[in-house]
Structures are given as C-alpha cells and as structure tokens.
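Following: one structure in structure tokens, then a few remarks.
The values are calculated or read from the model by the stated rules, or taken from the named source; none is laboratory data. Predicted model only: the values in this text are computed from it and were never measured. Note: ideal-geometry Cβ built from the backbone for every residue, glycine included; neighbour counts use all protein chains shown. Just the protein is used for accessible areas: all its heavy atoms, side chains included, with ligands, DNA and RNA removed. Shrake-Rupley method; radii C 1.70, N 1.55, O 1.52, S 1.80 Å.
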Amino acid sequence: MATRSASVLTRNVESLKQLNALANFSFRTDIALAQWFRRADLWFKEGRVYELEADLLAAYLAYLKFSTLVIHNLPTHPDYNKKNYELLKKTSRQNAIKALQALEKLRPIIDAQFKERALQKERLKTPTRSSSLSRDQDALIYDQYQKPASKEKRDSVSSWVEDQQKLVEQTAALRRKNTGSSRYRDTLSSTSNSNDENWWKVDQTSSQQIVKQNAKPASESSYSQKITSNSYPELKVNSTTTPQYYNNPAYYNSNQYNNDPPQPILSQYYNNAAYYSTNSSQSQYKTDPPPPIPPRPISPSPQSSQQIQPRYNNTVYNEPQTSAPPLPKKIQLVPVIPQKPASTQEMLDQFSNISISDTNRPTATTEDGTPLRQVQIPTSIISLFLKVANENTQNNIETCGILSGTLRKDTFIVTTLLIPKQKGTSDSTETMGEEELFEYQMNRDLLTLGWIHTHPTQTCFMSSIDLHTHSSYQQLLPEAIAIVISPKHDPLFGIFRLTTPPGLDVIMKCPIVNKFHPHAESDLYRDATEGEEVKGLVGHVRMVEGKLGLVDLR
C-alpha cells in the first residue's frame, strides 16, 4: 500500500485528480517578473528536497507547479523579453527539463499507489465470502462432533470391540495348538524365516472356521453394521479353490517373482484370523537389512600430508591424487572517492541537529483552511540582528534583512540571515541589488522564508507599508513571515503573517503602495507564533535552538 505523504499539503489527497487540482494557482501579470522567477526557483527546490526524502506526492506537486509556471505562464508576462532576465530564463528552462523528467517518472508510481489504496479500502468495507463460510463450517462441526453420542451407539461399539478381542484370543489359541503339526511345519519349511511374515500360508480351512465361529449376528444395530462394512469388507473365498502359493514351497523358489513373497490382495486377509495373530511390532514382509553406514571420513590435520583414502564396504578405492588450484593473488582495492553531494543535501545534513516537530502536532492552517508547514527560527536571530542594526537604530533608521533557509521533512528552517544593500528612513526601508541577492540564494539552494526589520521609533506592529512589502513574500510562499523588532518598546519583537482571507487579498488589490494609508478592513494580519491561538487557529512558527549564519552584502 502506498505510504501517505508526510507533507501537510498532500496528506489528505486520495487521487491523482485531486493532486493535479492542488497545482492550480493564480498568475498575475501585475506582480514583478522577478518575484515570479523567485517563486519558480522555490518550487523547483521544494521538489528536489521532497524527492530526496521520498515524499513522492509533495515532490510531484512542486514539480508540476514549477513546470506550469515556467512553460505556460512566464512567457505571457509583459517583462519576459527584457534582456536583464536572460540568465533567469536560461536557468528556468534547464530546470524545467529536469522537472518534466521527474514528473514522467513519478506519475505512474503515484497513480498505481492511489489505485492500490482504493482497492484496499474496498476490501475493508466489503466482508469476504470465505469468512462467512468458515463461520458456518465451524457451527456445523460443533453440531456433529460436540454433541454426545446416543446410548445405543455407545453400547453397539462396545459390543463390537469385545467381539474383536475374543477373535484375537481364539486365533492365538489355535496357532499354539497347530504349532506342532506336520502341516504347519511343512508350510513354514520353505521359507527362511518361520515367524509372522508368512502368516498368510496358514491353512485356509482353519481360518474360515475361525471367521464363521466369530461372525457377527445380523441383529446388531445399523451403526455397528456401518462400521463393519466400511472398515472390514466381507471376505469371499471359494472353498474348493486354493491359491497356488498357499502351501506350495516350490512357488517361492521359482524366479517368477525373484524369490520375493507375493503381494496378497487386501481382501484376502481382511477377515483372516491369522492376520490378528501377527505381532504388530514386526514387519509384515521380509525386508533386507539396510546397507552398513560408511565410516565417517577423518579430516586431515594441517601437519599431515598423507592422503585419506575413501572406504566403503571394506573396499579401498585408490583415486588419483589431485592438488588444489593455487589461490589467486590478492588484489589491492583502490578506494572510490564519493562524489560531492548536492548542495541541497549538504544543507539538510548541516542542520540535522535542529529538532523537527512531532508530526502529531496540530496542523496550522490559514483562515480558509489551507495547511501551513512549520517554520523554525533560531532564538539567536533577535540578538544577532540587533547588533547588525545597532548603528542605524542609534540614528533612528530602519534596517531590514532577509530570512533564508532550507526545507527538511516538511519543515522550513531559517539557517541564514542575509543583509542586502538597502536604504532606509525612520519609518521605512527599501532593499537594493535584488539581482545579486537572488543569485546568492540560488547558487546556495537557499529559500526565501520572509524578512525582518526594525522600528527604531515606533512600537511593534505592521504598518501599511509593511503590509504591502510583506504581501510580495507571502504571495511567493504562504508560510512566509515578517519579524518586527522594536528596540525601544515593549514587546521587543513580533512574528506576523497576513490573514488569508482577508488580509492578503485586500493588500494585493490596494492601489496605494509607497506611502502610509489606512485600510478599512480589519484583521489584516495576525501573530504567527506556535504558542498563540487566534480565533481557533494555531501559529506555524516555532523558536528553536540552532545554528544561524550571517551574510552582510552591504
């Protein structure tokens, strides 16, 4: 059976049709083309990570989104033919070939897994016919064999057993009486063994007399007759005709049957009295003793060079002495130097010490029910960023940074704090040199997970400009977060995301971008930390102990 996806994005998918439906997204040409290239790079990296972790459903979903965006949507953007995007277009096309190859490989596997899962569900719903039949058979066996037998049947069986015991005793007495008779001695003289193996040569007339004397009366119950007729068929012997081998010793000396005693027909001795006089512990036929077991060969000692000659039945066979082939020379194996793993795998191994949350934790979702993957942030990021922004903070200038990281086991982990080139004021900040920033992240397989900035003169909240800035991050990645640090106020920092709905939709449709302005709608953003629950929804961000790198590109 197919293993369910570990990703919260595809955990409840039951068919390939549902999986394809999850790949639908809204492509808007009013969003900068650079943002769409970033989203394409994000989906491709997600697909590679999920494929490395053998989460086939999540890998298929990420690759399908990436291929659709690069092949069908990006060429329709008004800025697609500008020269400054040539390198991004070339990289995206190369990755699109890899993504299509992965989709071609994953699709039949996933389709077969979904079909197998559906068949097993049907088997669990429908009880099997064999199980019902076995219950009926068990009941029938209980009725037939668990009920006690009637008194008549028990008496009939006991009577039959007593008759058989009397028959055995009378047969033994007759045999002792005839032991000294000449006929009996002549009969046994032609055989090498005068014991019980030739019991069938006893006088036929005497045997018939014993049978007639101990014949069962016809008045016995039907139950006893049934047992007798089934187990011991009636013997039909012509008294005037005697088999040629009964008392004919010459018969056994002939070569017709290689001096072996004949194989009597079973019906000829079923009711023969001599049959019951045989010793049950002895064999009915004479058999030759088995050949002697050859002696166990003695293993030669390492010091002895004498050859051990095989023996069988005291016969020595002199076989030609052969020497073992020489051992081949030892081959010096050259160690194979493993290839350097992909940068994505290096990132996974580098941050393996960071604890991944229990999969049984409550799944965080957006307001419309879309599941959110967890984001883990090292606790040291607040103090580290305050040191970086200290000079600007003293001058009442905002400072911003980019939260970069990787994806591991369906969890985003912030691993690097990037400080881009920027310019700021007391209430705003703007990044510069985005192409350099994007190239740095792309070459190191770093994902953009959000941003961080200070409010040197204001409290900890999301201004209207902050909401518009963060909308581009969250439109790129639903789990993207914004960290606001207010060094001079309490609380010191906050971790936020736009609500969906209404926050992200309202901000994306708002025409005012570069200046402060109010919004009529409320609840545009909320706290995203895991311990906070707002209107029944839990946060998806967790603060953890872990490594954090700092890269200042200013």
Taking the stretch 425-439 only, how many residues are open to solvent by 50 Å² or more (accessible area, probe 1.4 Å) and in contact with a strand residue (DSSP E or B) (Cβ under 7 Å, 6 or more places away or on another chain)? 2
Taking the stretch 467-491 only, how many residues are modelled with pLDDT of 95 or more and among the acidic types (Asp, Glu)? 1
Tell me, which strands (runs of 3 or more DSSP E) wholly within the stretch 473-541 include 3 or more residues that are within 41 Å of the chain's Cα centre (by Cα)? 493-498
Test for Arg542: is it in contact (Cβ under 8 Å) with a residue 40 or more places away in the chain and surrounded by fewer than 13 Cβ atoms within 10 Å (Cβ to Cβ): no
Within the stretch 9-29, is there a residue that is surrounded by 14 or more Cβ atoms within 10 Å (Cβ to Cβ), hydroxyl-bearing (Ser, Thr, Tyr), at negative phi and in contact with a Phe, Trp or Tyr (Cβ under 7 Å, 6 or more places away or on another chain)? yes
Does Ile377 fit the bill of being farther than 21 Å from Ala40 by Cα, in a strand (DSSP E or B) and touching a residue at least 24 places away in the same chain (Cβ under 8 Å)? yes
Somewhere in the stretch 392-414, is a residue open to solvent by 30 Å² or more (accessible area, probe 1.4 Å), modelled with pLDDT of 50 or more, among the basic types (Lys, Arg) and in a strand (DSSP E or B)? yes
Mind checking which residues of the stretch 452-461 are open to solvent by 10 Å² or more (accessible area, probe 1.4 Å) and touching a residue at least 40 places away in the same chain (Cβ under 8 Å)? Thr457
Filter the stretch 41-77 down to residues that are touching a Ser or Thr at 6+ places or on another chain (Cβ under 6 Å) and either open to solvent by 30 Å² or more (accessible area, probe 1.4 Å) or over 22 Å from Ile110 (Cβ atoms) (or both), then give me how many there are. 2
